[in-house]
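Only the coordinates and a few stated rules stand behind these numbers; no lab work does. This is a predicted model, so every value here is computed, not measured. Here the Cβ is made from the backbone with ideal geometry for all residues, glycine too, and neighbour counts use every protein chain on show.
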Amino acid sequence: MTKAVYPGSFDPVTLGHLDIIRRAANVVDELVIGVLINREKHPLFTVEERMEMLQESVRGLENVTVETFDGRTVDFARSHGANIIIRGLRAVTDFEIEMQMAQTNRILDPSIDTMFFTTSLRYAYLSSSIVKEVARYENTDISKFVHPCVAARLKEKLGK
Ligand code: ADP
């Protein structure tokens, strides 16, 4: 059985993340999404909110679950019996840091490998930061970027 973890900040989850989640869930038996607790000092959403939005967005994907974690990704993977870490690659700018992380993780635990999915072209530009930026403007249709439940939470959070 292949089990994988997909770690990230997901502040908030975007359609780009969901695309990676769906594609990864097609090639592994079980996928555990890991919402990182302490990476960013000032996330817009609390870890509970980020987790709830993910849970709602992945509803219906039978082999996908959502957890929170703190610390090293390899420890998170190990604690779930997973030997694959899923990451997404958007542009060359992602490549250097992702390669460094993947190689470090391989040294920390050679039994765990990183599997990369290249972004679908329509989401190549999309990031959580861009979504937060454009959501601040009154008349932006953010349904092109995020699941409806995330769009509603963003409106609420930003007082729109
Ligand atoms: P992190 O802070 O760990 O980068 P993110 O939530 O920003 O967390 O991203 C988690 C993962 O999803 C990363 O591997 C990132 O490259 C990938 N990702 C984010 N947005 C997209 C997208 N639009 N297309 C493909 N992969 C993406």
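Taking GluC sites (Glu not before Pro) as exposed when their DSSP state is a loop state and no more than 12 other Cβ atoms lie within 10 Å, the longest site-free interval of the chain runs over 63-137. Taking 16 Å as the straight-line reach from the Cα of residue 157, the lysines in range (excluding those fewer than 8 positions away in the same chain) are 132.
Within the chain, the longest run free of exposed loop sites, counting chymotrypsin sites (Phe, Trp or Tyr not before Pro) that sit outside DSSP helix and strand states (H, G, I, E, B) and have at most 16 other Cβ atoms within 10 Å, spans 1-124.
Evaluated at q = 0.14, 0.16, 0.17 Å⁻¹, the base-10 log of the normalised Debye intensity for the chain, with identical point scatterers placed on the Cα atoms, takes the values -0.69, -0.91, -1.02.
Residue 144 to residue 109: FRET efficiency via 1/(1 + (r/R0)^6), r the Cβ-Cβ distance, R0 35 Å, to the nearest 0.05?
For residue 144 and residue 109, the calculated efficiency is 0.35.
Report the convex hull volume per residue for segment 1-71, counting only C-alpha atoms, in Å³.
Working: hull volume 5.3 nm³, N = 71.
Output value, Cα hull per residue: 75 Å³.
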